[in-house]
Amino acid sequence: MHGDDDALLAEQMAYYRAASAEYDRPYAELEELQRLLTVVDELPVSGDVLELACGTGQWTRKLAARARSVTGVDAAAEVLAIARTRTPFPHVQFRQADLFEWQPSRRYDTVFFAFWLSHVPPRRWSDFWNAVAALLAPGGKAIFIDDGPAAAASEKGVVDEPVPTVLRQLDDGTRYRIVKVFRDAQRLADDLTALKWVARVRAMDGSIIGIAEPPAGPAQPLAPRHQ
């Protein structure tokens, strides 16, 4: 059913593993990313925090200053090795796992993800948000930061069908396709409203920042799998 998605997600994973040494370059070079990092101080990050697609820990260290605990999850061991060095705090832990498969045995007060939502294939959109809802403790919030539509202008090989993708090239010349779905703030808010989330989404420096609360109702039970 998700054959096209699976192949692209495998290629996307290979890209981020291979790109670990280049991952932090935009954070050093782009002023808008440096400004975005400071936005965490203004967001309602609290309690026990789960960070999805934590990468090299650029956002983890900001979350750690606000949280009781942080669990960072990423599928690429190479970026996690950097994250562990960057954020060596006792209340921060990291786990390697496929975000489309991983199911922890607990809930969190905050689920945070930066520049991950645009990598979720459209056919997995509803399932992804259902999974996030199941990860949140009562009263918990999902907080996300991502590229807005303007970022598409700097991408190469943009393809919209059957799955939106862009082409990324590493310093050694190797190329990878990755999933990249560009949504503006209003579209994101509307899409989340359609799933019965309550969301506030705004634009900043070409990026989008969102805070979302899950649909009201009884929480779904968590599967007793590895944490």
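Bear in mind these aren't lab numbers, they're just calculated from the coordinates by the rules spelled out. Quick caveat, the model's predicted, so the values are computed rather than measured. Positions of Cβ are backbone-derived with ideal geometry, glycine not excepted, and every protein chain shown enters the neighbour counts.
Structure summary
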read-out	value
Over the chain: helical MRE at 222 nm, DSSP H runs n ≥ 4 each giving -39500 (n - 2.57), nearest 500	-8500 deg cm²/dmol
Antiparallel content of DSSP bridges confined to the chain, in %, to 5	50
Equivalent ellipsoid semi-axes - Cα gyration tensor, segment 97-227, angstrom	28, 18, 12
Over the chain, volume per residue of the alpha carbon convex hull, in Å³	123
Along each principal axis, Cα extent of segment 1-130, largest first, Å	41, 35, 25
Nearest-20 debye value, the chain charge dipole, Cβ charges on Lys, Arg, Asp, Glu	700
Over segment 64-173, equivalent-ellipsoid semi-axes from the Cα gyration tensor in Å	27, 20, 13
Contour excess over end-to-end distance, with Cα ends at Ser105 and Ser126 and 0.36 nm allotted per residue	5.5 nm
Alpha-carbon centroid distance for the pair segment 148-201 / segment 18-79, whole angstrom	19
Relative packing of peptides 114-123, 27-36, 161-170, 54-63 - highest average C-beta neighbours within 10 Å first	54-63, 114-123, 161-170, 27-36
Pair Lys156, Thr174: separation of 7 Å Cα→Cβ label points (nm)	1.6
Peptides ranked, highest mean first, by Cβ atoms within 10 Å: ranges 182-193, 72-83	72-83, 182-193
Cα-Cα P(r), segment 142-181, percent of pairs per 10 Å interval	27, 48, 24, 2
D (Stokes-Einstein, µm²/s), Kirkwood Cα radius, segment 12-61, 0.890 mPa s at 25 °C	196
Percent breakdown of C-alpha pair distances by 5 Å bin, ordered from the shortest bin, for segment 41-112	4, 19, 31, 25, 17, 5, 0
Charge dipole of the chain about the Cα centre (unit charges at C-beta), most positive-ward option of Phe182, Leu192, Gln12	Leu192
Theoretical gain in end-to-end length, Arg17 to Asp41 [0.36 nm per residue, Cα-Cα removed]	5.7 nm
